[in-house]
Every structure is written in structure tokens, then in C-alpha cells.
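Heads up, the thing below is written out as C-alpha cells.
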2 protein chains.
Amino acid sequence: MTPDLTTPDGRTALAAVYRETLLGDVIPFWLRHGLDSQHGGYLTALARDGRVIDTDKSVWFQGRGAWTFATLYNTAGREPRWLDAAKTGIEFLRRHGTASNGKMYFTVTRDGRPLRMRRYVYSESFASIANAAYARAAADGRAAGDAVRHFETYLQYSFAPGKIPPKVSPETRPTVGIGSFMIGLATAQELRENLGDVTARGRTCTEWIDWFIDRIERLFVRPELQVVLETAGPNGEILDHFDGRLLNPGHTLEAAWFIMHEGKFRRDRRLIQLGLTMLDWMWDRGWDEEYGGLYYFRDLLGLPVQEYWHDMKFWWPHCEAIIATQLAWSLTGDARYARWHRQVHDWSFRHFADREFGEWYGYLHRDGRVSVTLKGNMWKGPFHLPRMLWYCWRLLDQHSEPAGPPC
Amino acid sequence: MTPDLTTPDGRTALAAVYRETLLGDVIPFWLRHGLDSQHGGYLTALARDGRVIDTDKSVWFQGRGAWTFATLYNTAGREPRWLDAAKTGIEFLRRHGTASNGKMYFTVTRDGRPLRMRRYVYSESFASIANAAYARAAADGRAAGDAVRHFETYLQYSFAPGKIPPKVSPETRPTVGIGSFMIGLATAQELRENLGDVTARGRTCTEWIDWFIDRIERLFVRPELQVVLETAGPNGEILDHFDGRLLNPGHTLEAAWFIMHEGKFRRDRRLIQLGLTMLDWMWDRGWDEEYGGLYYFRDLLGLPVQEYWHDMKFWWPHCEAIIATQLAWSLTGDARYARWHRQVHDWSFRHFADREFGEWYGYLHRDGRVSVTLKGNMWKGPFHLPRMLWYCWRLLDQHSEPAGPPC
């Protein structure tokens with residue numbers, strides 16, 4: 001029986017669920033199985049029981065993991081093993097993360113030799129938030145500088161025209177995706193949180209946040225269709241093709257809580273309402289009324305999606321939805337958000353959690369059966385699940401009474 | 001009740017099933033819905049009922065479709081509408097297929113403006129077989145020249161070191177994939193079939209076929225593990241990582257029948273046995289004993305596969321398996337192959353066929369339920385299914401008695 005978000009006792013009990021899952025299950029799983037004592041950094045390709053099934057290393061996850069451990073250290077108690085765990089990721093990134101052209105790799109071997117570099121620069125954004133959190137945890141000046149430097153590389157490649165070779169010809173069909181704006185937004189929020197309102201490429205974090213939210217709102221938020229697009233034309237045009245119609249509800253629920261978080265931080269009712277509206281629309285688009293859980297992809301017009309695995313249930317959209325609904329309830333006290341939060345919390349803990357070996361499965365069939373039993377790979381590691389548990393636990397700690405709109 | 005492959009009456013009835021599905025269902029579906037009367041070429045992104053859901057054009061399918069229609073014209077009756085249908089694909093490719101650097105696009109808009117070019121060169125191999133079949137159908141000299149020219153581009157990019165930028169650093173982990181060899185093999189077979197044993201980049205088609213089969217056998221066929229690898233090191237090393245362990249049974253069953261076909265053509269018992277062995281191993285690896293049908297991916301060591309949709313059932317591996325098992329039976333008379341043929345034929349016709357609107361669905365869940373109802377997209381169009389129906393129908397026509405080993 002899930003504790004009730006709308007009562008003080010329920011909130012106390014729910015905070016304990018998140019805290020204990022985080023500190024008694026998920027973090028110990030990664031500390032036990034994911035630290036590479038031989039070469040440093042994190043091994044994320046783990047079987048159900050934590051056994052390493054691929055020694056290749058995700059550069060994304062060296063940053064994401066270091067952020068998780070450093071953030072715990074900064075906010076949840078000064079445990080030396082969390083600082084050590086953050087440090088090994090930071091040091092691996094320093095030694096092996098960046099190519100001679102200044103761009104970071106996507107994967108490297110266990111001992112840090114280059115495997116793949118991709119066009120885009122999410123390795124850089126995750127290295128940035130890792131270094132920002134670690135700079136605060138270890139009072140490490142080099143990390144503070146690296147955090148800004150990686151963010152600047154991210155900004156340069158993501159937003160200077162032509163730096164990333166586009167997949168689709170920009171002469172024939174110019175397109176923009178929401179991803180680089182929302183990840184930019186979260187990166188700037190993390191820099192500000194840990195380093196103060198620092199400047200990157202001539203703008204403060206707050207100015208970048210304003211710019212990202214403005215772009216998200218103008219290009220991807222479409223009131224006439226009650227939808228948040230994933231891909232659009234350069235002026236927010238709907239591209240009536242497979243890719244242009246493709247909606248990713250989990251992704252836009254993540255953007256929604258980043259914006260609600262910003263609204264709460266600034267006590268800005270307009271931003272909070274923007275995030276709530278995005279949540280409302282994309283919950284309706286994404287929730288599977290038949291089997292429960294959130295679809296991975298939907299089509300804007302209800303047409304067949306080209307991605308054949310569109311109806312699978314992935315762990316991370318559910319983590320984002322748990323945060324978004326809980327934050328929405330804490331900001332409004334609206335019973336609907338408490339109901340949605342319980343729906344997605346219950347479905348997720350029932351279907352993703354591995355009661356035998358701990359942590360969560362990542363990939364379920366539409367009906368909730370496990371598709372693949374691994375606990376991590378190049379895209380799943382110590383990030384979305386611990387971030388959700390940490391955020392929701394801390395939010396309940398701060399709000400033993402619902403806050404109502406903060407402004 | 002599926003007709004019995006092992007009796008003369010059964011074979012006659014089975015030939016009628018394939019012929020009638022091909023000429024009474026599948027080809028009419030594509031002629032009715034897939035021809036672009038406005039701009040020429042083929043529209044393959046079709047909903048269940050044939051409605052166009054994306055007007056973008058796959059360059060692969062301009063070639064694959066033209067091959068299908070020209071091959072029908074060459075082998076199954078001189079129907080002018082088949083020749084016309086082939087011609088529109090060939091003409092679209094001539095006008096819009098190739099960029100100024102000589103490499104072909106992957107997708108273009110309905111009116112032929114460039115959208116995507118990919119690193120690899122399968123557009124070229126499919127344009128080559130299309131032109132070869134069309135050259136024969138229309139006695140068109142330009143098409144004969146284009147067939148060889150596209151094959152030469154394919155060979156140059158696929159096998160001249162460094163022409164295709166590798167995904168994974170070749171210094172850290174050199175890798176080779178079976179795909180370029182098996183598609184090269186089928187392309188050379190089609191050129192020889194339609195143009196005679198022509199020369200490309202200094203070798204005859206037969207010499208290329210020898211070279212491709214030799215490479216497949218030496219790099220990917222691993223008797224000590226009874227497996228055909230999809231990816232290996234440059235000397236056939238097993239790469240014990242997600243990608244190196246990834247098996248694609250449908251792909252290697254396709255390679256198996258290409259090699260059996262070559263053995264039959266040459267009356268070469270060793271080649272036939274090689275193809276049969278590949279079929280035996282990969283049938284065992286791929287067949288789903290619980291739900292029936294062929295898994296898309298398997299792991300060499302039975303570990304979890306990184307691709308979360310690994311257990312889905314796609315139409316094309318089933319088409320390849322129907323051909324491979326029927327050809328194996330026709331070459332050996334071995335009852336096991338007739339049994340496997342019936343298993344995969346029955347499962348496929350029961351689960352993929354759309355009894356209301358015709359043609360086949362492409363993408364099923366493991367248990368055979370339809371995942372997405374579309375009839376075509378950038379990867380599904382008038383090729384695998386009509387090729388299987390055509391090949392199996394013609395094979396039965398030629399073999400009203402089982403042939404036994406042809407040498």
C-alpha cells in the first residue's frame with residue numbers, strides 16, 4: 001500500500017520509501033558493482049545480479065554517476081565513500097574523457113582508450129554537472145573551471161550553426177529538437193546550484209535558463225494542439241512526417257519538471273503554470289489506460305509510429321513522471337496530481353523493482369513484463385532512478401505540508 | 001491447413017499459395033498504394049489500409065521496389081504494368097538518387113530533394129540490382145551500365161579502408177560486420193543473373209562471389225561455437241562486448257540461402273553444405289520455442305542483449321527463414337527442413353498477414369500480437385515479402401519432385 005501524498009503521515013512514510021530505496025538499495029547496488037577498482041570510473045553494463053557483462057565505459061555515465069554521488073555528498077550527509085565514488089568518475093573523465101580536438105567521447109574501453117565519438121555533446125553536459133557538484137563537494141577549483149568549460153563546449157556545439165553536422169539536410173528541411181534546450185536548461189540549473197550564477201559564453205546561468213525556456217516555449221509548446229513537440233521546424237513549424245510527429249512523453253515530462261523547478265526557485269507563477277500545462281498535456285498523451293505506465297513514443301496525430309518498440313515501458317520516463325507529478329502536487333495541492341503520482345509510483349515500483357537483487361529493470365514490455373533483465377548498459381546507470389529517489393525524498397522533507405503556489 | 005511440402009500435391013498447392021499471395025495480394029497492394037503518380041517512384045510509408053502516412057521516400061526502396069517489379073516482369077509474365085512500375089523507380093533514382101559527390105542518398109522528399117545521406121552504401125547495392133533487372137526487362141543499356149557503376153561505388157565504399165568512417169575507433173577495436181559481404185554477394189548474384197558474368201573493379205561477379213563467401217566463412221562462421229557471428233574482429237576474433245556478442249539469426253539465415261543458392265547454381269556440394277550448416281546453427285539460436293517465430297537478436301553467450309526490442313518478431317527474418325528452409329529441403333529432401341519450413345510458414349502467415357487490408361504487418365511483439373499496424377516505412381516496402389513469395393513459388397515450380405543434392 002503506497003503511502004498517501006495528501007496526508008502528513010503519508011508524506012512522512014513516502015519520504016522514507018524514497019530515502020530507503022535510495023540509500024538502502026540503489027546506491028549500495030552501484031557502489032558494490034559499478035566502481036572499477038582497477039581503472040577507476042564506473043562500469044554500468046551489469047547483469048541483474050550486478051555481474052559485469054560489458055567492460056566498455058559510457059562517458060555519459062562517468063559524468064552522470066559522479067553527479068549522483070557528489071550530489072548525495074552535498075545534500076544528504078558527508079559520507080566519505082560517496083565523495084570517493086564521485087572522485088573516481090571525475091578523475092576518469094580527466095584522464096580519458098576528452099579527445100585532442102576538445103570534444104568528449106561517447107564510449108571508451110575499460111582502461112580509457114577511445115571507442116566512439118558521436119556528433120552531439122551530451123557527454124559534455126553530464127561532465128559539466130558532475131564537475132559542478134564535485135567542485136562543491138571537494139572544494140575543488142579545477143572541477144569548477146571544468147564545469148564551466150564543458151558547458152561552454154556544450155553550448156558551442158549545440159547552438160552555433162553547423163558545428164554538429166545535421167542528420168537531415170538543413171537546406172531541404174531545417175529541424176530543431178527539444179533535447180539540446182532541455183539538457184542545457186538542467187545543466188545551467190546545476191551550475192547555478194553548485195557554483196553560483198556563473199557566466200558561460202557571455203551569459204549567466206540565469207540568462208541561459210531564460211533563453212532555454214523561451215526557446216522550449218516558442219518552438220515546442222503548442223497550445224492549439226495541447227502538445228509538447230519533440231522536433232519542429234526552426235520557427236516551431238509542425239513537420240508532418242514520422243520524425244516531426246514523434247512525441248516522447250517522458251522526455252517532455254522531464255522538461256516540465258525542470259521548468260516547474262525553475263518557477264519554484266524564482267517564485268514565478270507563470271513558469272510554474274507553463275510546467276504544469278506541459279505535464280497535463282503529456283500525461284494525457286503518454287499514460288497507457290489499458291496496461292498502465294507511460295508509452296515511450298506517441299504520434300502527434302495518432303498515426304502508427306515508425307519506431308516498432310514505441311509502446312515499451314522504460315524506467316526513466318517513469319522516474320521523470322514521478323518527480324513531475326509530485327512537484328506539481330507540492331506546488332498546487334491539486335488532488336489530480338496526487339492521483340497521477342500514486343498511479344505512476346505504484347506502477348513503477350511494482351513493475352521495475354527487482355525484489356531479489358535490488359535496483360530496477362530498465363526495459364519492460366507494454367504489459368509490464370520484463371524484456372531484458374540487465375541493470376545497466378551505456379544508457380542506464382546510477383542516474384535517473386537515484387535522482388528521482390533523491391529529489392522526491394528531499395521534496396517531501398521540505399514540504400511536510402503542501403506549499404501551495406510559492407508566489 | 002498448410003499444404004505438405006513433402007508430397008507432390010502438397011507442393012502444387014503450396015506453390016499456389018505463394019503465387020496467389022504474391023500476384024493477388026501483395027503486388028496489387030503496392031501497385032495500388034505505393035506508386036507516386038505525381039513525382040514518380042514509390043511511397044512506402046503506408047498505413048494498414050494503404051493510406052500514405054509519410055511522403056518522404058526511401059532511396060533503398062526505390063531500388064528494391066524496381067528490382068521486385070522488373071524481376072516479376074523478367075520471370076513471371078510480361079505484364080506491362082510491372083515494367084511501368086519498375087521504370088518509375090529507375091527514373092526516380094536517375095533524377096534524384098545520387099548526390100554530386102557520386103554517393104547516393106538514404107532518404108529524399110517526395111519530389112526528390114535531399115534529406116539524409118548515411119555513411120554506408122546500401123542505397124547503391126539496391127540501385128545496382130534494380131538496374132540489372134531493369135536492363136534485362138527493358139533491354140536498356142544505360143541501366144546495365146548503371147548497375148555496374150552502382151556496384152563499383154558499393155565495393156569502393158564498403159571495402160576500401162577508410163572510405164566509410166567507422167563507428168568504433170579502428171585503432172582501439174577494429175571490427176567487421178557480415179552485412180557488407182552478404183549484400184555484396186547477393187548483388188553480384190543478381191548482376192550475373194541479369195547481365196552475365198560482368199566485371200566490376202577488376203573482378204568478375206563470380207570472382208566477387210567467391211571472395212564474399214570466403215570472407216563470410218573465414219570471419220563469421222565459427223564451428224567451435226556452432227554460430228554465425230554478425231560482427232567480429234578483422235581476423236574473425238570474438239569481441240566479448242554487447243556488439244560483438246550480438247547475433248541476428250534472420251540476417252544469417254538470409255546469408256545461408258544466398259550461399260545455398262550459389263551452391264545449387266554451381267552444383268557445388270561444399271557450398272550447399274556451408275549454407276545448410278549456417279541454417280542449422282542459426283535456426284537453433286533464433287527459433288522461439290515458447291511463442292514460436294524468430295527472435296530478432298540473441299546474445300552469443302545467452303547474456304542480456306542491449307537492444308531492448310531484441311525479442312520482437314519482424315516480418316523480414318521470417319521471409320528469409322521460409323526461403324532458407326524450403327531451399328534446404330529442396331536440396332536435401334531432409335524431413336527436418338520440411339518441418340522447420342512448415343513451422344515458420346504457418347507462424348508467419350498466421351501472425352503477419354492482414355486479412356482485412358492485405359499485405360503483412362512488419363512488427364510484432366514476441367507473442368505475435370501486432371506492435372505497429374503500418375504496412376511500410378523507410379525499411380519495409382515491396383521487397384522481402386514479395387521476394388520470398390516469388391522465390392518459393394518458383395522453386396516449387398522447378399521442383400515438383402525434391403531434387404536431392406544437385407551434384
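The values are calculated or read from the model by the stated rules, or taken from the named source; none is laboratory data. Remember, predicted model here, so these are calculated numbers, not experimental data. Cβ coordinates were reconstructed from backbone atoms using ideal geometry, including for glycine residues, and neighbour counts include every protein chain displayed.
The table below lists the values:
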item: Test: residue in segment B:248-262 that is crowded, with 19+ Cβ neighbours inside 10 Å and not in a helix (DSSP H, G or I); result: yes
item: Filter result for B:GLY145 (over 14 Å from B:TRP60 (Cβ atoms), outside any helix (DSSP H, G or I), out of contact with any Leu (no Cβ under 8 Å at 6 or more places or on another chain) and small (Gly, Ala, Ser)); result: no
item: Which listed residue, of B:ALA147, B:ALA188, B:ALA130, B:ALA135, is buried (at least 20 other Cβ atoms within 10 Å of the Cβ), over 27 Å from B:LEU253 (Cα atoms) and in contact (Cβ under 8 Å) with a residue 24 or more places away in the chain; result: B:ALA135
item: Residue satisfying condition, being touching a Lys or Arg at 6+ places or on another chain (Cβ under 6 Å), within 14 Å of chain B (Cβ to nearest Cβ) and not small (Gly, Ala, Ser), within set A:PHE61, A:PHE106; result: A:PHE106
item: Output for segment A:338-352, where each listed residue is free of Cβ contacts under 8 Å to residues at least 40 places away in the same chain and either crowded, with 22+ Cβ neighbours inside 10 Å or among the small types (Gly, Ala, Ser) (or both); result: A:PHE352
item: Residue count for segment A:77-102, restricted to those that are touching a Phe, Trp or Tyr at 6+ places or on another chain (Cβ under 7 Å) and assigned to a loop (DSSP other than H, G, I, E, B); result: 3
item: Residue within segment B:113-128 that is charged (D, E, K, R) and at pLDDT below 95 present; result: yes
item: Options B:LEU225, B:LEU239; residue that is within 14 Å of chain A (Cβ to nearest Cβ) and touching a residue at least 40 places away in the same chain (Cβ under 8 Å); result: B:LEU239
item: Condition broken by A:GLU224, with the remaining ones in (1) surrounded by fewer than 18 Cβ atoms within 10 Å (Cβ to Cβ); (2) assigned to a loop (DSSP other than H, G, I, E, B); (3) of a type outside the set (Ser, Thr, Tyr); (4) on the phi < 0 side of the Ramachandran plot satisfied; result: (2)
item: Test set (1) over 30 Å from B:ILE238 (Cα atoms); (2) assigned by TED's automatic domain parsing to the domain that holds B:TYR73; (3) of a type outside the set (S, T, N, Q) - B:GLY196 fails condition number; result: (2)
item: Residues of segment B:71-120 that turn out to be in contact with a Pro (Cβ under 8 Å, 6 or more places away or on another chain) and surrounded by fewer than 20 Cβ atoms within 10 Å (Cβ to Cβ), as a count; result: 2
item: Residue in segment A:154-168 that is part of a strand (DSSP E or B) and either within 30 Å of B:TYR105 (Cβ to Cβ) or in contact with a Lys or Arg (Cβ under 7 Å, 6 or more places away or on another chain) (or both) present; result: no
item: B:THR71 vs. criteria over 17 Å from B:PRO386 (Cα atoms), touching a helix residue (DSSP H, G or I) at 6+ places or on another chain (Cβ under 6 Å) and either away from chain A (no Cβ under 14 Å) or not hydroxyl-bearing (Ser, Thr, Tyr) (or both); result: no
item: Number of the exception - B:GLY184 against (1) more than 21 Å from B:TYR73 (Cα to Cα); (2) assigned by TED's automatic domain parsing to the domain that holds B:ALA70; result: (2)
item: Which numbered condition B:VAL227 misses (of (1) closer than 26 Å to B:TYR391 by Cβ; (2) over 19 Å from the mean Cα position of the chain (by Cα); (3) not assigned by TED's automatic domain parsing to the domain that holds B:GLY275); result: (3)
item: Qualifying residue in segment B:51-65 (condition: touching a residue at least 60 places away in the same chain (Cβ under 8 Å), farther than 23 Å from B:LEU115 by Cα, of a type outside the set (D, E, K, R) and out of contact with any Cys (no Cβ under 7 Å at 6 or more places or on another chain)); result: no
item: Test for A:ASP49: is it within 14 Å of chain B (Cβ to nearest Cβ) and either in a helix (DSSP H, G or I) or charged (D, E, K, R) (or both); result: yes
item: Filter result (assigned to a loop (DSSP other than H, G, I, E, B), out of contact with any helix residue (DSSP H, G or I) (no Cβ under 6 Å at 6 or more places or on another chain) and surrounded by 22 or more Cβ atoms within 10 Å (Cβ to Cβ)) within segment A:362-390; result: A:HIS365, A:LEU374, A:LYS375, A:GLY376, A:ASN377, A:LYS380
item: Scan of segment B:150-178 for residues that are among the basic types (Lys, Arg), surrounded by fewer than 19 Cβ atoms within 10 Å (Cβ to Cβ) and within 14 Å of another protein chain (Cβ to nearest Cβ), ordered by number; result: B:LYS167
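Listed here are the residues, each with its yes/no results for (1) within 14 Å of another protein chain (Cβ to nearest Cβ); (2) over 30 Å from A:ARG269 (Cβ atoms); (3) crowded, with 22+ Cβ neighbours inside 10 Å; (4) among the polar types (S, T, N, Q).
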{"position": "A:TRP287", "(1), (2), (3), (4)": "no, no, no, no"}
{"position": "A:TYR296", "(1), (2), (3), (4)": "yes, yes, yes, no"}
{"position": "A:GLN306", "(1), (2), (3), (4)": "yes, yes, yes, yes"}
{"position": "A:GLU320", "(1), (2), (3), (4)": "no, no, yes, no"}
{"position": "A:GLY333", "(1), (2), (3), (4)": "no, no, no, no"}
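Residues checked against (1) modelled with pLDDT of 95 or more; (2) within 14 Å of chain B (Cβ to nearest Cβ); (3) touching a Leu at 6+ places or on another chain (Cβ under 8 Å):
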position: A:GLN343; (1), (2), (3): yes, no, no
position: A:HIS365; (1), (2), (3): yes, yes, no
position: A:MET388; (1), (2), (3): yes, no, no
position: A:ASP397; (1), (2), (3): no, no, no
position: A:SER400; (1), (2), (3): no, no, no
